[in-house]
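Asker: Quick one: the structure is below, questions incoming.
The values are calculated or read from the model by the stated rules, or taken from the named source; none is laboratory data. Being a predicted model, the structure only gives us computed values, none of them experimental. Note: ideal-geometry Cβ built from the backbone for every residue, glycine included; neighbour counts use all protein chains shown. Accessible surface is based on the protein model in full, side chains and every heavy atom, while ligands, DNA and RNA are left aside. Shrake-Rupley method; radii C 1.70, N 1.55, O 1.52, S 1.80 Å.
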Amino acid sequence: MIPSIATVSISGTLPEKLEAIARAGYTAVEVFENDLLSFSGTVRDAGALAKSLGLTVVTLQPMRDVEGLDGRDRQRVMDHAERKFDLMEELGTSLMMVCSSVHPHSKPGLSRAVVDFSELAERAARRGIRVAYEALAWGRHVSDYRQAWEIVRTADQPNLGLVLDTFHIFSRGSDLEVIPFIPGDRIFLVQTADAPHLSMDHLSWSRHYRCFPGQGQMDIGRFMAAIEATGYNGYLSHEIFNDTFRMANPQQIARDGYRASQYLASMLSTSTVPHKQAIQSIGFIELSTPTEHYAATSKTLVALGFTHIGDHPHKPVERWAQGDINILVNRDPSFAKQWLGHDGLSVSALGVLLENAAAAEARATALGFQVIRPEACDASHQMTAIQGVDGTLTYLLDQAGIEALWSTEFPNSQAIPEDTMLETVDHISVSIPYEDYLSVVLQYRTVFDLDLSPAFDITDPRGLIQSQVLSGPTHGFRLAINGSHSPQTTANQLIRRRGGSGVQHIAFHSRALKHTAERLQASGAEVLAIPQNYYRDMAGKFGIDPDRAADMERLHILFDEDASGEFQQLYVVPEGGHFLFEVVQRDGYLGLGAANAYIRASAQQSRLKTVSEQSV
Ligand code: MG
Ligand code: MG
């Protein structure tokens, strides 16, 4: 199948779009009618431009409201089709894409539609044109691909075929079982789009929330298996209407589209691209620490129960550990500045543990992601990283790789102390500029085997933050991603202060949160202050006895519970840090404490305000 994309999927003028699409690697494009009609050159110029960029024009789309009309309405449609054939000839394309009718005068009935499409196909045949019919999810009488197939099959014209569009199929919950019975040569075009599960009308859902395969929650893999079974070998095109894509950088969106195209290709049974792997856990977290914050950072790590167990022999990098958690403290902030544009104390990289790091690297490379090999950054280690569109580095590790890291880079490490307070990384939360949000989802979902939760809104005192959780099967990896339209939310303030997207907080799991909290308080570490009113309500809401509630208030511990159990959490503010440490105690609870996110965000906002007032 040949990857293609519709011009409507990205922003810009027609020449900008075509150039971005060609540069991303595409050799085929669907030209959306408005892009052509608003182009200042002639139609032939547009066709020549596409050709000069190495792009085949798959179709000029769409033709609307063909079937079910009478009298003058019907005559006008056939006349319009002839004019459209003229445009198509000049543009250099021979496939007309027709959407099912939404015309108020359109009448129902199979035989009526068959007569209409037979005439259209005969007219098209005289011009050497093929016609492809698509069932829109909100079509007046035809809204399911099986109805469209029935019309195409009954009309039985060699130049009349079907468009299958994943959005229309999945948004209506249509059964995929008929697809494998459609002969592959009767399918003239396949359009792919993903979308989040939402309950709203089909038209608004389609116009605003489509996204690339992998970025939403539709079962595109099942569709690909069905389409492969038909023997179809034509264009596999993305047709995406998305509000964020319309305002984003066309190059970045076209690049993401091409990656999503490669992702679809990797689903085919003939693909040699290694399979997706689950992220088992976080192998290490690297903190980049300017000299002036080093003393405070190490004091906080000690208070959290970490031990400085080893040093890199040649570089100012320290290994700190406890339980299954490894933190690399990099005292050379020039690395973070150079690679990430980060200033100050920040999280500069994550290492993720996989079954086979080399296979993950091969997959990321095949899908077109930015892969940084150790030679490229003059590293002494042997780890390869994926650099996200947002700049973040994710090192790919397997068991052998992490053992090699410790033995060659930190050869004189002491044993990791046993019986420590913190055991594992519970979750990580990242803030991403809103326009990069779906690019980051694409990277995690297509390279790795991760579930994506539905999106939920976190209310921040200064706006809304959209959040979703990517998680592995064993809960050894949970990543909360956050993006916000509103410029003054905590997520966007952190992005600006840090100079880019990245980790907003790292949550560790403690077996005894109260004990951890006491230690933190004794060490003088700053724990994010929670307003007393929170505790007035919490004690009553959850039936917490007064002594325990008083302890929680004194130690700034937040509380939540779900049907599975209890959750307690607190946040530590590292000196000069552009992120927070979170410590949680999870007793059966399944979530990440989203119910308390508003309290946390408000506490951060009032803290930021206090800090900026003090520094004035
Ligand atoms: Mg479509
Ligand atoms: Mg959290």
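So that you can scan it fast, the table gives a plain yes or no per residue for (1) in contact with a Ser or Thr (Cβ under 9 Å, 6 or more places away or on another chain); (2) within 13 Å of ligand 2 (Cβ to nearest atom):
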residue	(1), (2)
R478	yes, yes
S486	no, no
T490	yes, yes
G502	yes, no
F508	yes, yes
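Asker: Given (1) among the hydrophobic types (A, V, I, L, M, F, W, C); (2) open to solvent by 10 Å² or more (accessible area, probe 1.4 Å); (3) in contact with a strand residue (DSSP E or B) (Cβ under 8 Å, 6 or more places away or on another chain), where does F181 come up short, assuming only one miss?
Answerer: Status for F181: all satisfied but (3).
Asker: Then there is this: Would region 143-156 turn up any residue that is under 23 Å from I240 (Cα atoms), touching a residue at least 40 places away in the same chain (Cβ under 8 Å), open to solvent by less than 10 Å² (accessible area, probe 1.4 Å) and within 14 Å of ligand 1 (Cβ to nearest atom)?
Answerer: Yes, there is a match, as at least one residue in region 143-156 is under 23 Å from I240 (Cα atoms), touching a residue at least 40 places away in the same chain (Cβ under 8 Å), open to solvent by less than 10 Å² (accessible area, probe 1.4 Å) and within 14 Å of ligand 1 (Cβ to nearest atom).
Asker: Can you work out which of the residues in region 222-249 that are under 23 Å from R207 (Cα atoms) and open to solvent by 30 Å² or more (accessible area, probe 1.4 Å) is farthest from ligand 2 (Cβ to nearest atom)?
Answerer: Y235
Asker: Checking M538 against (1) within 16 Å of ligand 2 (Cβ to nearest atom); (2) open to solvent by less than 60 Å² (accessible area, probe 1.4 Å); (3) of a type outside the set (V, I, T), only one condition comes out false. Which one?
Answerer: Here M538 clears every test but (1).
Asker: Do you know which residues across region 34-61 are within 16 Å of ligand 1 (Cβ to nearest atom), out of contact with any helix residue (DSSP H, G or I) (no Cβ under 7 Å at 6 or more places or on another chain), open to solvent by less than 40 Å² (accessible area, probe 1.4 Å) and not hydroxyl-bearing (S, T, Y)?
Answerer: Within region 34-61, V58 is the sole residue that qualifies.
Asker: Turning to a different aspect of this structure: Among the residues of region 178-225, count how many are assigned to a helix (DSSP H, G or I) and aromatic (F, W, Y).
Answerer: Going through region 178-225, the residues assigned to a helix (DSSP H, G or I) turn out to be 179-181, 184-186, 202-209, 220-225.
Right, trim to aromatic (F, W, Y) and you get 181, 205, 209, 223.
Count: 4.
Asker: Considering D79, D65, D73, which residue is under 36 Å from the mean Cα position of the chain (by Cα), open to solvent by 30 Å² or more (accessible area, probe 1.4 Å) and acidic (D, E)? Step through it out loud before you land on a result.
Answerer: Values: D79 fails: under 36 Å from the mean Cα position of the chain (by Cα); D73 fails: under 36 Å from the mean Cα position of the chain (by Cα).
Being under 36 Å from the mean Cα position of the chain (by Cα), open to solvent by 30 Å² or more (accessible area, probe 1.4 Å) and acidic (D, E) holds for just one of D79, D65, D73, which is D65.
Asker: Residue by residue through region 78-123, note down the ones that are on the phi < 0 side of the Ramachandran plot and in contact with a His (Cβ under 9 Å, 6 or more places away or on another chain).
Answerer: Residues of region 78-123 on the phi < 0 side of the Ramachandran plot: 78-91, 93-108, 110-123.
Of everything in region 78-123, those that are on the phi < 0 side of the Ramachandran plot and in contact with a His (Cβ under 9 Å, 6 or more places away or on another chain) turn out to be S100, S101, S106, K107, P108, A113.
Asker: Spot the failing condition for G500; the list is (1) out of contact with any His (no Cβ under 7 Å at 6 or more places or on another chain); (2) closer than 30 Å to Q215 by Cβ, and only one is missed.
Answerer: Every listed condition holds for G500 apart from (1).
Asker: When you scan region 108-131, do you find a residue that is in a strand (DSSP E or B) and in the same structural domain as P62 (by TED's automatic domain parsing), even just one? Working first, answer last.
Answerer: Step one: of region 108-131, the residues in a strand (DSSP E or B) are 130-131.
Okay, now just the ones that are also in the same structural domain as P62 (by TED's automatic domain parsing), so 130-131.
Scanning region 108-131 turns up at least one residue that is in a strand (DSSP E or B) and in the same structural domain as P62 (by TED's automatic domain parsing).
Asker: Further question: Kindly evaluate E582 against the criterion of being open to solvent by 10 Å² or more (accessible area, probe 1.4 Å) and either more than 13 Å from ligand 2 (Cβ to nearest atom) or modelled with pLDDT of 95 or more (or both). Let's see the steps before the verdict.
Answerer: Details: open to solvent by 10 Å² or more (accessible area, probe 1.4 Å): no; either more than 13 Å from ligand 2 (Cβ to nearest atom) or modelled with pLDDT of 95 or more (or both): yes.
Judged against the criteria, E582 is not a match.
Asker: On the basis of being in contact (Cβ under 8 Å) with a residue 40 or more places away in the chain, more than 10 Å from E67 (Cβ to Cβ) and either surrounded by 19 or more Cβ atoms within 10 Å (Cβ to Cβ) or within 16 Å of ligand 2 (Cβ to nearest atom) (or both), does A124 make the cut?
Answerer: So A124 fits the description; yes.
Asker: Separate question: Test each condition in (1) closer than 22 Å to R246 by Cα; (2) within 16 Å of ligand 1 (Cβ to nearest atom); (3) open to solvent by 30 Å² or more (accessible area, probe 1.4 Å); (4) among the charged types (D, E, K, R) for E16 and report the one that comes out false.
Answerer: (2) is the only condition that E16 fails.
Asker: Evaluate region 275-298: report whether one residue or more is modelled with pLDDT of 95 or more, within 16 Å of ligand 1 (Cβ to nearest atom), more than 30 Å from H515 (Cα to Cα) and open to solvent by less than 30 Å² (accessible area, probe 1.4 Å).
Answerer: No: zero hits.
Asker: Which of the residues belonging to region 157-178 are open to solvent by 30 Å² or more (accessible area, probe 1.4 Å) and in contact with a strand residue (DSSP E or B) (Cβ under 9 Å, 6 or more places away or on another chain)?
Answerer: Residues of region 157-178 that are open to solvent by 30 Å² or more (accessible area, probe 1.4 Å), as a first pass: 157-158, 170, 172-173, 175, 177-178.
Result: Q157, P158, F170.
Asker: Moving on. Residue check, S174 against (1) more than 22 Å from V98 (Cβ to Cβ); (2) assigned to a loop (DSSP other than H, G, I, E, B); (3) not hydrophobic (A, V, I, L, M, F, W, C), all met but one. Which one?
Answerer: Going through the list (1) more than 22 Å from V98 (Cβ to Cβ); (2) assigned to a loop (DSSP other than H, G, I, E, B); (3) not hydrophobic (A, V, I, L, M, F, W, C), S174 breaks only (1).
Asker: Would you tally the residues in region 496-532 being open to solvent by less than 20 Å² (accessible area, probe 1.4 Å) and in a helix (DSSP H, G or I)?
Answerer: 5
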